[in-house]
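Below is one structure, written out as structure tokens; the observations come after it.
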Amino acid sequence: MRPFFPPKAPGRPIFVAHRGASDRALENSPAAFDLAVSDGADMIEFDVRLSADGVPVVFHDARTGRTAKENMPVARTPAARLRAVRLKNGETLPSLADVLEIVGGTVPINIESKAPGAIAAAAKDLSKAGYGGELLLSSGLRDECLAARELLPGISCGLVTRRPSASDLAFCLRHGLASIHPYRRLLTVLRLRKLAASGIPFLPYTVDDPAEVFALIAAGAAGVFSNRAQALREAWNRR
């Protein structure tokens, strides 16, 4: 198993900025990524989908309407047309290449594939950019995790899952995945114990309440994905 990223300070969990600093700027927007970089985030997570012509773009939903001023189907819209879509904060919808340029390798990033083929497209953009920063790939699609292991074997990959099952844990161990990212609302005490016993670093998503965060870390979580990553990091440091 490829090791997961160590925390910046020994003994401190990792607080991953979920879709950038999304408590202070629109999620998955250039502004949210700029803020997270300025924070010196432990890691910045964002989502990648493919345009109709196969360009990796940074967007969570299958359609743009929730966070943009137009409601376009991402997978059926060419990249040039998506480039013209304005987010609700007035910024343009970013491509993966845009975000790689914003971050510039200054903090670790987590690219989560939301669509088949997104890992392969991301690999091309990473190579083209000569990106040398710390990187974690992830997906809730097992085939995308397998693509990550095949195409980018030197880069860590994590499995995203709602309810971590015995099959999920076996998949991670069998294919040398570095971490598992479960949905925090479905983490029973028994599931937390099984995750901790597996030895696979686990980071629940998306956790914003400090008390819940500290309880999950006490149960063995290596960190959390949070919309309030910077505030949680400061709260942890004040303990």
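The values are calculated or read from the model by the stated rules, or taken from the named source; none is laboratory data. Quantities reported herein were computed from a predicted structural model and do not represent experimental measurements. Note that each Cβ is placed from the backbone with ideal geometry, even for glycine, and that neighbours are counted across all protein chains shown. Ligands, DNA and RNA are stripped out before the accessible areas are found, and what is left, the full protein with its side chains, is counted by its heavy atoms. Shrake-Rupley method; radii C 1.70, N 1.55, O 1.52, S 1.80 Å.
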Applying the selection to the range 138-174, what residues are open to solvent by 10 Å² or more (accessible area, probe 1.4 Å), under 14 Å from Val48 (Cβ atoms) and among the hydroxyl-bearing types (Ser, Thr, Tyr)? none
Can you tell me which residues in the range 73-91 are over 20 Å from Ala120 (Cβ atoms) and open to solvent by 40 Å² or more (accessible area, probe 1.4 Å)? Ala80, Arg81, Arg83, Ala84, Arg86, Lys88, Asn89, Glu91
Reported set for the range 217-235 where residues are open to solvent by 40 Å² or more (accessible area, probe 1.4 Å), touching a residue at least 60 places away in the same chain (Cβ under 8 Å) and either touching a His at 6+ places or on another chain (Cβ under 8 Å) or assigned to a helix (DSSP H, G or I) (or both) is Asn227, Gln230
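Answer yes or no: is there a residue in the range 189-197 that is modelled with pLDDT of 95 or more and in a loop (DSSP other than H, G, I, E, B). Outline the logic, then answer.
Residues of the range 189-197 modelled with pLDDT of 95 or more: 189-197.
With in a loop (DSSP other than H, G, I, E, B) added as a condition, the list becomes none.
The answer is no, given that none of the residues of the range 189-197 is modelled with pLDDT of 95 or more and in a loop (DSSP other than H, G, I, E, B).
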For the range 136-150, state whether one or more residues are closer than 21 Å to Pro13 by Cα and in a loop (DSSP other than H, G, I, E, B). no
Looking at the range 24-36, is at least one residue of a type outside the set (Ser, Thr, Tyr), part of a strand (DSSP E or B) and within 23 Å of Glu212 (Cβ to Cβ)? no
Which residues, counting only those in the range 103-133, are open to solvent by 50 Å² or more (accessible area, probe 1.4 Å), in contact with a helix residue (DSSP H, G or I) (Cβ under 9 Å, 6 or more places away or on another chain) and assigned to a helix (DSSP H, G or I)? Lys128, Ala129
Flagged in the range 105-137 as more than 18 Å from Gly54 (Cα to Cα) and touching a residue at least 60 places away in the same chain (Cβ under 8 Å), in numbering order, are Thr106, Val107, Pro108, Ile109, Asn110, Glu134, Leu136
Within the range 8-52, can you find the residues that are open to solvent by 20 Å² or more (accessible area, probe 1.4 Å), touching a residue at least 40 places away in the same chain (Cβ under 8 Å), within 16 Å of Val224 (Cβ to Cβ) and more than 15 Å from the chain's Cα centre (by Cα)? Arg12, Asp23, Asp39
Can you pull out the residues in the range 58-91 that are part of a strand (DSSP E or B) and in contact (Cβ under 8 Å) with a residue 60 or more places away in the chain? Leu87
